[in-house]
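Just so it is clear, none of the values below were taken in a lab; they were calculated from the coordinates. Small disclaimer: the values here were computed from a predicted structure and weren't measured. Note: ideal-geometry Cβ built from the backbone for every residue, glycine included; neighbour counts use all protein chains shown.
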Amino acid sequence: MSVVPAPASTAPPSTEWDVIVLGAGAAGLMAAIAAGQRGRRVLVLDHANKVGKKILMSGGGHCNFTNTGTSPAQYLSNNPHFAKSALARYLPQDFIDLVDRHGIAWHEKELGQLFCDGSSKQIVQLLLDEADAVGVKVRTHCRVELPRKVDGGFLLATSAGRVHCASLVVATGGLSIPTMGATGFGYEIATASGHSLVPTRAGLVPLTLSGKHQERLAELSGVALDVEAGCNGAFFRNRMLVTHRGISGPAILQISSYWQPGDDLRLDLLPGRDALAWLQAQQAERPGTELKNVLAELMPRRFAQRLCEVWLPNRPMKQYTPPQLQDTAALLQAWPLVASGTEGYRTAEVTLGGVDTAEVSSRTLESKRVPGLYFVGEVLDVTGWLGGYNFQWAWASGMAAGSVA
Ligand code: FDA
């Protein structure tokens, strides 16, 4: 960020704030609350028509607000150690306590994922109530121009006038779901202030298929089954859903963050089983039953049938020789489906990459290049798995910055 002297003599006077937070999402509101609790005068600016839009649409309207099993291992970043400090100082239990203090009922769905019994709106209201209680001002519908570093802080020209602050917290999120207000503004601020960006791409996103791969599955759209999806050393066991354009479901969304075009995707269609031993047992017990009917016991019948039309020969079990049974087991445990791409930012839950963490303090989230400038939440190169981890990062990083900004 270039240090430009403020044209104080000619421009109208600016409003003074201790802290300005750009972005009224999960991370920005938490940073504002933490700073407000320290007695700082805090202004939050957002260009969208309302705050916390992603919170509102999250978790199918019930907001998966944290995960009790959160650890740094569930985050992707060029620096896997970066998230440790903030995550260790604001735990899932800290947010659960906050939710409880606001009387919001919640439940655990699976794998430590906590959801509101009621609505995501309750989480947005919690944040607004906490912000209000410590005097934080939130302004929506506000366009902001690139901030300027000036003596004693930052000067921002906005559609609501000029504002000045000592500390500037960038919480503008990533690029996913542009219709919800996502922009690359945080990245612009970062590059203008001399920060590097880790290339961004869509994460937690459905994968698309093309050509014969798509044609072979298209008519199974809507069919779901358990799989273990693997790519580049990561494995996720969960549901897979066949869609019109490809594959989705939690297992696929998770693995999409580890996949890039050209990478091998491994889909185990009999997760948690020794496929060969199971097929051998079926052969012994039901020699006259055809393979597709045997498979239909462990996966949807239509899927089993399609597998046996396209990828596997279908015969009574007794007709398979030992090598053929081995080949069948190998295919079932590493189904050769080739993804052609992803559905992109239009439907992605998160953005991988972002502001390079090498130039940001992991303890305070302050820029190592520009004192007083902070980056929190998804704008940074820290991206969580599906399951409440991204909000936990937003709370934890927001709290870390807001405690010092
Ligand atoms: P977020 O994107 O929340 O906020 C950024 C804010 O900055 C927005 O309010 C935006 O309007 C504002 N902004 C952007 N550009 C601006 C500009 N130029 N000027 C002013 N303001 C600007 N995670 C999870 O843990 N559990 C879940 O259940 C879900 N579910 C889910 C569903 C869907 C459909 C999506 C898309 C995402 C999720 N996520 C999730 C991910 C989660 O929503 C996400 O990681 C966090 O919201 C990131 O929080 P941030 O505050 O960093 O950015």
Q: Send over the semi-axes of the stretch 207-342's equivalent ellipsoid, whole angstrom and largest first, taken as the square roots of 5 times the C-alpha gyration tensor eigenvalues.
A: 26, 16, 13
**Q.** Cut-off 19 Å, label 7 Å out along Cα→Cβ of Thr140, residues of the stretch 16-47 by amide N
**A.** 21-33, 43-47
Q.
Counting other beta carbons within 10 Å of each residue's own, what order do Val338, Val136, Val169, Val99 fall into, fewest first?
A. Val338, Val99, Val136, Val169
(Q) Whole-Hz ³J(HN,Hα) for each residue in the stretch 102-111, computed from phi via Karplus 6.51 cos²θ - 1.76 cosθ + 1.60 with θ = phi - 60°, x for glycine and proline: what do you get? (A) 8, x, 8, 7, 9, 8, 8, 8, 7, 6
Q) If you line up the long axis of helix 322-333 against the longest principal axis of the chain, both from Cα atoms, how many degrees apart are they, to the nearest 10? A) 20
Q: Compute the normalised compactness of the stretch 33-79: alpha-carbon radius of gyration over 2.2 N^0.38 Å, N being the residue count.
A: 1.61
**Q.** Binned Cα-Cα distance frequencies in the chain - 20 Å width, integer %
**A.** 26, 46, 21, 6, 0
Q. How long is the gain from Asp263 to Glu16 if the chain were fully straight, where each residue apart is worth 0.36 nm and the alpha carbon distance is subtracted?
A. 83.8 nm
Q. Taking R0 as 60 Å, what's the FRET efficiency between Thr191 and Glu285 from their Cβ-Cβ distance, rounded to 0.05?
A. 0.40
Q. With r defined as the distance between the Cβ atoms of Glu108 and Arg239 and R0 fixed at 25 Å, what FRET efficiency is calculated, to the nearest 0.05?
A. 0.90
**Q.** Residue-span extension gain [Asp97 to Ala157] - 0.36 nm each, minus C-alpha spacing
**A.** 17.8 nm
Q: For the chain, find the longest principal axis of its Cα atoms and tell me its angle to the long axis of helix 92-101, 0 to 90°, nearest 10.
A: 70
Q. For the stretch 83-161, what class follows from the C-alpha gyration tensor (a ≥ b ≥ c being the square roots of its eigenvalues): rounded when a/c is under 1.5, otherwise prolate if a/b is larger than b/c, else oblate?
A. prolate
Q.
Need the C-alpha centroid separation for the stretch 237-275 versus the stretch 135-169, integer Å.
A. 44
Q.
Less than 19 Å apart at the alpha-carbon level, and either on another chain or at least 8 residues along: which lysines does that give for Lys292?
A. Lys318
Q | Residue-averaged 222 nm ellipticity for the chain, from DSSP H runs of 4+ at -39500 (n - 2.57), nearest 500 | A | -8500 deg cm²/dmol
(Q) If you fit an axis through the alpha-carbon atoms of helix 121-133 and take the longest principal axis of the Cα set of the chain, what angle between them do you get, 0 to 90°, nearest 10? (A) 20
Q. Among the lysines, which fall within straight-line cross-link reach of Lys109, defined as a Cα-Cα distance under 27 Å, with same-chain neighbours fewer than 8 residues apart omitted?
A. Lys53, Lys54, Lys84, Lys121
